[in-house]
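As structure tokens, the structure follows; a few thoughts come after it.
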Amino acid sequence: MSGPLLRVDALDAFHGQLQALRGVSFELAAGEALAVIGANGAGKTTLFRAIAGLHRAAGGAVVFDGEPLGGLPAHRIVRRGIALVPEGRRIFPSLSVDENLRVAEDRHRRRGRGQSRRWSRERVYQLFPDLREAAGRPGTRLSGGQQQMLAIGRALLCEPRLLLCDEVSLGLSPVVVRDLYRALGRIRGEGVTLVFVEQDVARGLAFSDHVVCLHRGTVRLAGRSPARSLEEVRRAYFG
Amino acid sequence: MELVQTLVNGVLLGGLYGLIGLGLSINFGIMRLVHLAHGELVVLGAYFLVVGLVPLGLPPLVAAAVVVPAMFVVGWALQRFIIQRALGRGVLPPLIVTFGLSMVMQNALLLWMTADARTLHTPLASAGAPLGGITVPLIRLVDFGVGLSCLAALLVLLGRTALGRALRATSDDPETARTMGIDTARMFAVAGGIAAALGGVAGMLLAATSTFYPSTGSEVLLIAFEVVVVGGLGSITGTFVGGILLAVAQLLGARFLGPSYALVAGHMVFLLVLLFRPQGLMPRTAPG
């Protein structure tokens, strides 16, 4: 495979009159991790939603594995191999923990093109033992950290090559955050490419290969994470 | 004994009322759609059976095997090609569209079927089984049995199958369901088909239980509405229980206040529930 797995090219997006993304561009090779950093309203969530097909971009392109995704509906994009862990986790409230996983597994059990499945509920339960104990409980009865695990597990069962994680650690305790990043590390070990939002700039830099700082919908700073200093990123963060 | 007889009649008729409500409940529970043409779909099922199939000499079960899938297709197509276009644009467009559908269907039936009263002539209609001093009307026993079976089938479908999980996920959060790979428009069409198929079953029972006209759909819709609200929005078990409560109230009213009080007694229960328990008897929590 030559060329980047994900290429975002001059992406524009609007919320009504308000422009949320202005010519956002970046590339990411397969297997790498990209941290998206920026203040509230910088356009991080809109960027993720545009890639996942939930928000129609006004201009520019998202190219995944060499194929443009322009205009594809979200349920088709996830079949191409892009799964979203949404802001706020969005656990299905009337489904149990196990059913939240199954609803994803049901859709992706049969894969075309001779691809084999990498994830199963069993593997998700191995990754997040807390979920196994809570399997029969309603998904919304879980703690915030467990809901985040469930949202990640559910996304993995969509068999992603690219995982988009919006707000990995928002509102979670340091211990839970550490566990979540440990799990994300293992997920990366499976060859899953990762794009994630992290408010903790130091953690975001430490866990990623590349970093993109968004400020009011534009890319303020981009580059390889190790080459960027905390100070630089913080300046970009606040504009 | 008369009280017991009335209660038994009411509970059994409640099976049909509950079934009438189930279709509306599915529409509301999954699409958040108040389907104002649901009554006409029920009546359409009744006409299909009485005018379309019975004259061909088909036995009732065979006829049912035709009506149910045919109504599924009707409901699926209405949702896919008409109602879907009105969803996601606010509260009013779906109401106007389904109201329009209701008018069109009612008048089409009037045009083609005339305003004549129809009913399904079946020996069951007047048969009764004596049981310890009361008589169990067989047709209402069938109403109840079929209604309960439909409820059970629906609970299994929604609670235990992949399709059911996808329908519930779609109902919970359509946007997140899409990111899981669920084609929500397709799920809505399937739900519309299921609701119409249930309406078809209700229509066949209605044809066997009472007379009907092209305008009966409005009465059916009113029953469906009250049943769903009494039962608790979005809960299908609640809908069924609501059907029983409403039917019992109607028959008690008719028996003890006079036949013309049947509907009033039903509306009273509806109002009392709205007053004291506006969330309904069994508000939506988990599946079912």
(message) Of all residues being of a type outside the set (D, E, K, R) and either in contact with a Phe, Trp or Tyr (Cβ under 7 Å, 6 or more places away or on another chain) or assigned to a helix (DSSP H, G or I) (or both) in the stretch B:210-223, which is farthest from the other protein chains (Cβ to nearest Cβ)? Just the residue, please.
(response) B:Thr216
(message) Pairs needed: first member in the stretch A:70-97, at the interface with another protein chain (Cβ under 7 Å from one of its Cβ atoms) and over 25 Å from A:Leu131 (Cα atoms); second member anywhere, surrounded by fewer than 22 Cβ atoms within 10 Å (Cβ to Cβ) and among the acidic types (Asp, Glu); C-beta distance under 7 Å; at least 6 residues apart or different chains.
(response) A:His75/B:Asp183
(message) Being surrounded by fewer than 13 Cβ atoms within 10 Å (Cβ to Cβ) and either over 24 Å from B:Ser210 (Cβ atoms) or modelled with pLDDT of 90 or more (or both) is the filter here; which residues of the stretch B:108-143 pass it?
(response) B:Leu111, B:Trp112, B:Thr114, B:Ala115, B:Asp116, B:Ala117, B:Gly132, B:Gly133
(request) Filter the stretch A:11-55 down to residues that are assigned to a loop (DSSP other than H, G, I, E, B) and touching a residue at least 24 places away in the same chain (Cβ under 8 Å), then give me how many there are. (result) 12
(request) Within the stretch A:155-190, track down each residue that is farther than 25 Å from A:Gly38 by Cβ, part of a helix (DSSP H, G or I) and touching a strand residue (DSSP E or B) at 6+ places or on another chain (Cβ under 8 Å). (result) A:Leu156
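For every residue, the table says whether it meets (1) surrounded by fewer than 23 Cβ atoms within 10 Å (Cβ to Cβ); (2) β-branched (Val, Ile, Thr); (3) over 30 Å from B:Ser235 (Cα atoms).
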residue	(1), (2), (3)
A:Ala30	yes, no, yes
A:Leu47	no, no, yes
A:Gly53	no, no, yes
A:Ala61	yes, no, yes
A:Pro68	yes, no, yes
A:Gly81	yes, no, yes
A:Arg90	yes, no, no
A:Leu101	no, no, no
A:Ala104	no, no, no
(request) Determine, yes or no, whether B:Val248 is surrounded by 23 or more Cβ atoms within 10 Å (Cβ to Cβ) and within 17 Å of B:Asn9 (Cα to Cα). (result) yes
(request) Hey, can you tell me all the residues within the stretch A:62-80 that are over 28 Å from A:Leu205 (Cβ atoms) and not in a loop (DSSP other than H, G, I, E, B)? (result) A:Glu67, A:Pro68, A:Ala74, A:His75, A:Arg76, A:Ile77, A:Val78, A:Arg79, A:Arg80
(message) Out of A:Glu159, A:Glu167, I need the residue that is buried (at least 23 other Cβ atoms within 10 Å of the Cβ), charged (D, E, K, R) and in contact (Cβ under 8 Å) with a residue 40 or more places away in the chain. Which one?
(response) A:Glu159
(message) Regarding the stretch B:163-180, can at least one residue be identified that is of a type outside the set (Val, Ile, Thr), in contact with a strand residue (DSSP E or B) (Cβ under 8 Å, 6 or more places away or on another chain) and either buried (at least 21 other Cβ atoms within 10 Å of the Cβ) or free of Cβ contacts under 8 Å to residues at least 24 places away in the same chain (or both)?
(response) no
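The values are calculated or read from the model by the stated rules, or taken from the named source; none is laboratory data. As the structure is a computational prediction, the values presented were derived from the model and not from experiment. Cβ sites come from the backbone with ideal geometry, for glycine too, and all protein chains shown count toward neighbours.
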